[in-house]
Amino acid sequence: GKFAAVTNYRGGTEPRAAQSRGSLVTAFLISDQPPAEYIGEVRQKAASYSGFNLLASDGAELRWMSNRDSEPRRLEPGIYGLGNLLIDSPDVEPRKRRFEDALASGAAVEPLFSVLAEARIVDPVYGTRCSTVFFGRRYVERSFAPDGTEQDTLHYEL
């Protein structure tokens, strides 16, 4: 019933970063810590990573943090947008409104992925490699090849 995800922070690559951002997800998933406690620990060593956003949930609560200019917070039920800047940054606001419109017609996955497709970056080096829809206890991820070709769509229930 645990969930964790990390996104890179735009322009937040530091060649001397001591830790891999991907390890943040694994460490949470194998830990027995609740999200708030885990994020508290990550925050203490956040400077040893390149820029990131982290989501962590144990099914009871969802927490977000970034190591770029913001305070961690608990995310109450609602609609949030997260790209490669801080959560709910102005660049995601138009898509959040389109998400709300898509949800108004029912919680179907494909209309939500259509909204995300508008923001997809196709680039062999720095492009979108996956898009994720997370609502309720449902988590759906669609992956993309470096040339932008759609690959697998995986569905999970927490």
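The values are calculated or read from the model by the stated rules, or taken from the named source; none is laboratory data. Owing to the predicted nature of the structure, the values given are computational and were not obtained by experimental measurement. No Cβ is skipped: glycine too gets one built from the backbone with ideal geometry, and neighbour counts run over all protein chains shown.
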Checking the structure you have, find out if any residue of the range 92-104 is over 29 Å from ILE30 (Cβ atoms), of a type in the set (Gly, Ala, Ser) and modelled with pLDDT of 90 or more.
no
Test of understanding: among ARG63, ARG68, ARG10, ARG43, which residue is of a type in the set (D, E, K, R), under 22 Å from PHE99 (Cβ atoms) and modelled with pLDDT of 90 or more?
ARG63
List the number of the failed condition for TYR139; all other conditions in (1) surrounded by 15 or more Cβ atoms within 10 Å (Cβ to Cβ); (2) at pLDDT 90 or above hold.
(2)
Suppose we filter the range 38-74 for residues that are closer than 16 Å to PHE3 by Cβ and surrounded by fewer than 13 Cβ atoms within 10 Å (Cβ to Cβ); how many remain?
3
